[in-house]
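Every number in this text was worked out from the coordinates using simple rules, so none of it is lab data. Everything quoted here is computed from the prediction, not taken from an experiment. No Cβ is skipped: glycine too gets one built from the backbone with ideal geometry, and neighbour counts run over all protein chains shown.
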Number of protein chains: 2
Amino acid sequence: MTYDLVIIGTGAAGLSAAIYAERYKLNTLLIGEEFGGETATAGAIENWPGNKIIDGYELMAAMKEQALAAGAEIREGRVIRVKKKDACFDVFTEKESVHAKAVILAIGAQRRHLNLPNEKELTGKGVHYCVTCDGPVYAKKTVAMVGGGDSSVKGVNFLAEYAEKIYLITREKEPHAEPVNMERMKAHGEKVEILAETQVKEIVGEKKLESLVLSRSYRGEERLAVDGLFVEIGFDPDKTFADQLGLELDERGYLKADNMMRTNVPGVFPAGDAVNHFEGFKQDITAAALGAVAATSAYDYVRKNGSRCEFHASA
Amino acid sequence: MTYDLVIIGTGAAGLSAAIYAERYKLNTLLIGEEFGGETATAGAIENWPGNKIIDGYELMAAMKEQALAAGAEIREGRVIRVKKKDACFDVFTEKESVHAKAVILAIGAQRRHLNLPNEKELTGKGVHYCVTCDGPVYAKKTVAMVGGGDSSVKGVNFLAEYAEKIYLITREKEPHAEPVNMERMKAHGEKVEILAETQVKEIVGEKKLESLVLSRSYRGEERLAVDGLFVEIGFDPDKTFADQLGLELDERGYLKADNMMRTNVPGVFPAGDAVNHFEGFKQDITAAALGAVAATSAYDYVRKNGSRCEFHASA
């Protein structure tokens, strides 16, 4: 069986791409490992235009239902390999392989985690990875930011507009960020406190985050009570498919694409957080938009080149 | 009163920008002439991710409610002039003027209409301006396309995947489009019929489109029964503010912006259909995403430069 399009990734970008692909009448298979991607575990979302507040999982479930109703096929699975053969692609999961005329890589970018027990359980319940998404919730509260690079300092500055107290926890002797961001952080005075050469050893909380255990005591205490914890220690874009397909990466390691999500490999289109199209601004709304764009380019590609794949494909 | 941000335009881009701007705590005024922009009159929308089907007006009303709840101020009005003075902007409507530190131009692009009686009344009820949005509804139906350029021929090819019969009505002796698109159109055979040197004189229908009256009779009849009419005779981006502010335009006459919606004039950010970011692919989801991006850049700009405007502003 040869699909017109295989979309890898079932987050906002992949689901939006599937909705559009089906409107273009592309015979589409969506394969994903973690349904809903990052959004599904983001908790309450207040910046999805059109919904004052919606649970991330619900939003993803609604997109999935819409994609299914439009005719998309959705399978759970981990894609381990994509191989280009003439004008066709072979997409391998751990259990099977399918043919495709075009491929959309909506594989996201893994935010680096602390990899501590309790971290996953409390994600969205005090533990967060996106200040612009979740910062405003902590008005007049005490929060900690783990980081040390520019993103974390910018994150602290963002949080300072809401939170009452912010601890910036860094392994280094001091944070390193653009001067303008460092200056701004200093301007917050005592509101921001830097805990240098310190790591989070433990995340404590039952139903929600209650406190952190630090590697180095602060004011004589290893335990630091906080309402929120933000982790900004970078992203790891997945390079697996880039290596397999010979895709070019940008200077930050993201898949390189033009405005229409075309790559250097005809027939391969990334979408969502797998690309860095908006300079690190990564939201559900941008992911969904880029998914729609990638589907449009895939449609254009399949209309022009799809028959070359049918000719070659034997299965 | 000096606003941090004035957003001109109350369509999907402007409303989404307002939602994001308020999350950034920018003191934001949204001024628009036609609430909901093109979307509000688009009828049922099936490609807004997360809603299997939603009325365009309802979607815009939901975004408006969300922007208001977030703290945005929304006023109805026609902005006739934007003037930059040092680091501030003066925004003039027909009745008043306000100060702003930054401006988002979510002014859309006027699709050219036929300017016939009944056209506005039947928009979304048989009369459409976007094949990708509304084409699939006409499966096995008879439709007409008014145009003659590349967009209209591509539109016909798109419609041919759904409709049973398509009339391409053009004032010219023949349509002019990219060879590949012309070839594809010819490949549809009798399904597509070209009515050359013909204009639509009248749009007939009570509650929905029923037929067209042509300037030149077809098979002895001036009246042509159709289920749908698509108009693809180009866009007219509004150059008023570009002229007033000295904004650069791209080769198609749209406001020129980088990926972050920054223009050659610091503090001015376009969004939505006013830019041509995705090569003519203009959807609610892309407009909303670009609105969010423009708000993010405006926030960044105001944080760095806003105080310079406060210093100058006397009102």
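Key figures for this structure:
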read-out: GNM flexibility winner over chain A from A:Phe281, A:Phe89, A:Phe230 (Cα, springs under 10 Å); value: A:Phe281
read-out: Where trypsin sites (Lys or Arg not before Pro) fall in DSSP loop in the stretch B:193-229, at most 14 other Cβ within 10 Å; value: B:Lys207, B:Lys208, B:Arg219
read-out: Using a Förster distance of 41 Å, the FRET efficiency for B:Ser217-B:Arg111 (Cβ separation, nearest 0.05); value: 0.90
read-out: Convex hull volume per residue in cubic angstrom - Cα atoms of the stretch A:127-231; value: 87
read-out: Karplus (6.51, -1.76, 1.60) ³J(HN,Hα), θ = phi - 60°, over the stretch A:227-241, in Hz, Gly and Pro reported as x; value: 8, x, 10, 10, 10, 10, 10, x, 10, 10, x, 7, 9, 3, 6
read-out: Inter-label distance for B:Lys95 and B:Glu73, nm, one decimal - labels placed 7 Å from Cα along Cα-to-Cβ; value: 1.4
read-out: With Cα atoms, 0 to 90° folded angle of helix A:150-159 axis to chain A main axis; value: 70
read-out: Isotropic mean projected area of the C-alpha convex hull, chain B (nm²); value: 16.7
read-out: Stokes-Einstein D (µm²/s) once Rh is taken as the Kirkwood radius of the stretch A:35-78 over alpha-carbon pairs, at 20 °C in 1.002 mPa s; value: 192
read-out: The stretch B:249-308: Rg to Rh, with Rh as the Kirkwood radius over Cα pairs; value: 1.00
read-out: Sequence-separation-based contact order of chain A, relative, with Cα cut under 8 Å and 6+ spacing, percent; value: 22
read-out: The stretch B:54-105 - Rg over Rh from alpha carbon coordinates, Kirkwood radius; value: 1.08
read-out: Relative contact order (%) - criterion: Cα under 8 Å, at least six apart; region: the stretch A:127-231; value: 31
read-out: Residues with amide H under 5 Å from that of B:Phe235, placed H, sequence gap 5 or more; value: B:Arg112
read-out: Largest-first ellipsoid semi-axes for the stretch B:98-146, taking √(5λ) over the Cα gyration tensor eigenvalues, angstrom; value: 32, 15, 9
read-out: Karplus-derived HN-Hα couplings along the stretch B:94-106 (A = 6.51, B = -1.76, C = 1.60, θ = phi - 60°), whole Hz, x at Gly and Pro; value: 5, 10, 8, 9, 10, 9, 8, 7, 8, 9, 10, 9, 9
read-out: DSSP beta bridge pairing in the stretch B:127-231, given as percent antiparallel to the nearest 5; value: 35
read-out: Cα long-axis angle, helix A:56-70 against chain A (0 to 90 degrees, to the nearest 10); value: 10
read-out: Cut-off under 5 Å, modelled amide H: who pairs with A:Glu210 long-range; value: A:Val204, A:Gly205
read-out: Cα convex hull of the protein assembly as shown, projected area averaged across orientations, nm²; value: 29.4
read-out: Global geometry of the stretch B:181-222, whether rounded, prolate or oblate, following the gyration tensor of its Cα atoms and the 1.5 cut on a/c; value: prolate
read-out: 7 Å along Cα→Cβ, label-point gaps from B:Lys120 to other copies, nm, shortest first; value: 5.8
read-out: Given charges at Cβ of Lys, Arg, Asp, Glu: the stretch B:127-231 dipole, positive-most of B:Val146, B:Leu159, B:Ala225; value: B:Ala225
read-out: Under 5 Å, built H, 5+ apart or other chain: amide partners of A:Glu193; value: A:Ile166, A:Tyr167, A:Leu168
read-out: Modelled FRET efficiency - R0 30 Å, B:Glu210 with B:Glu65, Cβ distances, 0.05 increments; value: 0.25
read-out: The stretch A:203-266 and the stretch B:239-280: distance between their alpha carbon centers, rounded to Å; value: 33
read-out: HN-Hα J in Hz across the stretch A:173-190 - Karplus 6.51, -1.76, 1.60, θ = phi - 60°, x for Gly and Pro; value: 5, 7, x, 10, 8, 4, x, 4, 6, 4, 4, 4, 5, 4, 5, 6, x, 6
read-out: Evaluated at q = 0.16 Å⁻¹: base-10 log I(q)/I(0), Debye formula over Cα of the stretch B:1-87; value: -0.63
read-out: Low-density loop positions, GluC sites (Glu not before Pro), the stretch B:199-302 - DSSP coil, at most 13 other Cβ in 10 Å; value: B:Glu206, B:Glu248, B:Glu251
read-out: Acute angle (nearest 10 degrees) that the helix A:12-23 long axis makes with the longest principal axis of chain A, alpha-carbon atoms; value: 20
read-out: Nm distances between copies for A:Leu249, ranked from closest, using label points 7 Å along Cα→Cβ; value: 4.2
read-out: Cα-based reach from B:Lys256 at 26 Å (exclusive), listing lysines while leaving out same-chain residues under 8 positions away; value: A:Lys256, A:Lys282, B:Lys83, B:Lys84, B:Lys85, B:Lys101, B:Lys154, B:Lys239, B:Lys282, B:Lys304
read-out: Helix-only mean residue ellipticity at 222 nm for chain A, each DSSP H run of n ≥ 4 adding -39500 (n - 2.57), per residue, nearest 500; value: -8500 deg cm²/dmol
read-out: Closest-to-axis residue of chain A (Cβ criterion, axis taking A to B), whole Å; value: A:Ala289, 2
read-out: Relative contact order (percent, whole number), the stretch A:27-77, Cα cutoff 8 Å, 6+ residue spacing; value: 51
read-out: Part-to-part distance (alpha-carbon centres) for the stretch B:147-174 and the stretch A:1-71, which is given in Å; value: 32
read-out: Distances in nm from A:Glu193 to the matching label points in the other copies, shortest first (labels 7 Å along Cα to Cβ); value: 8.2
